[in-house]
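Values quoted throughout were computed directly from the atomic coordinates according to the rules given, and no laboratory measurement underlies them. What you see is a predicted model; the values in this text were computed from it and never measured. Cβ sites come from the backbone with ideal geometry, for glycine too, and all protein chains shown count toward neighbours.
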Ligand code: SF4
């Protein structure tokens, strides 16, 4: 499985850049419940995008699989999708040069070839008015490893790209729109300054340097430096991770000792 930086995994990548360089799972296997949650998320995102770009509501709703149609029909559209704005816009950000390129709309995460310094991502919805930008990400799950929305890695990626692309933007707001299993929304938001985005861009650059360092260590036959935390959940390099391997070996050794007693 290609394990490259993208907006959705930057929280892990910033904390543990080596996770991109270690051997990853070869197939994109996910536990069934995780896969089902991902399928639901994709269906609801698609529904919101279609309604947002003007597909008739009834048509968009009919296209949602029956199992999630009830949930979709309960969503308060005017509250979840403010008037105007842009949906599913893909970006490519260069961590070294701090430049951004808009790749298009509704790209289905198909970003083409990328260099090591380029990180892609697709924003669910955003709107720019004068020097203000509002950036929204829709969430249909419940797991949130990043409680501080101001410095949320994925939203910061989008606001960083939008702020560079729309040079006049000086004030930004991050919003996470949580949609529960009944279709009810909860909106969490935080204001963000350009200064905070500059700090975030520094973090992306450090992440890039961390990857280079990890790549060198691996090339020389050494273990790269890794950092454990809540971001390890779903890390595709879990099996190759030196800390996790050490823990697995330790656990197996203790079990063998117990079995021999
Ligand atoms: S599992 Fe290992 S490589 Fe992956 S994020 Fe955690 S510490 Fe880093």
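In region 196-221, how many residues are away from the ligand (no atom under 14 Å from the Cβ) and more than 22 Å from the chain's Cα centre (by Cα)?
Our first condition is that a residue be away from the ligand (no atom under 14 Å from the Cβ); within region 196-221, this holds for 196-206, 208-209, 212, 216, 219-221.
If we keep only those that are more than 22 Å from the chain's Cα centre (by Cα) too, we end up with 216, 219-221.
Residues in region 196-221 being away from the ligand (no atom under 14 Å from the Cβ) and more than 22 Å from the chain's Cα centre (by Cα): 4 in total.
Pick out, from region 1-85, the helices (runs of 4 or more DSSP H) lying fully within it that include 2 or more residues that are without any contact (Cβ under 8 Å) to a residue 12 or more places away in the chain and out of contact with any helix residue (DSSP H, G or I) (no Cβ under 6 Å at 6 or more places or on another chain). Before the answer, list the steps.
Details: elements: 10-15, 32-53, 57-62, 66-74, 77-80.
Passing ranges, in order: 32-53, 57-62, 66-74.
Every residue in region 127-136 that is touching a residue at least 24 places away in the same chain (Cβ under 8 Å) and surrounded by fewer than 22 Cβ atoms within 10 Å (Cβ to Cβ), please.
Narrowing region 127-136 to residues touching a residue at least 24 places away in the same chain (Cβ under 8 Å): 127-128, 130-136.
Of everything in region 127-136, those that are touching a residue at least 24 places away in the same chain (Cβ under 8 Å) and surrounded by fewer than 22 Cβ atoms within 10 Å (Cβ to Cβ) turn out to be 127, 128, 130, 131, 132, 134.
Would you point out which residue out of 236, 224 is closer than 21 Å to residue 25 by Cα, within 18 Å of the chain's Cα centre (by Cα), in contact (Cβ under 8 Å) with a residue 40 or more places away in the chain and within 16 Å of the ligand (Cβ to nearest atom)? If you could, list the steps in order and put the result at the bottom.
Values: 224 fails: within 18 Å of the chain's Cα centre (by Cα).
None of the other options fit; the residue is 236.
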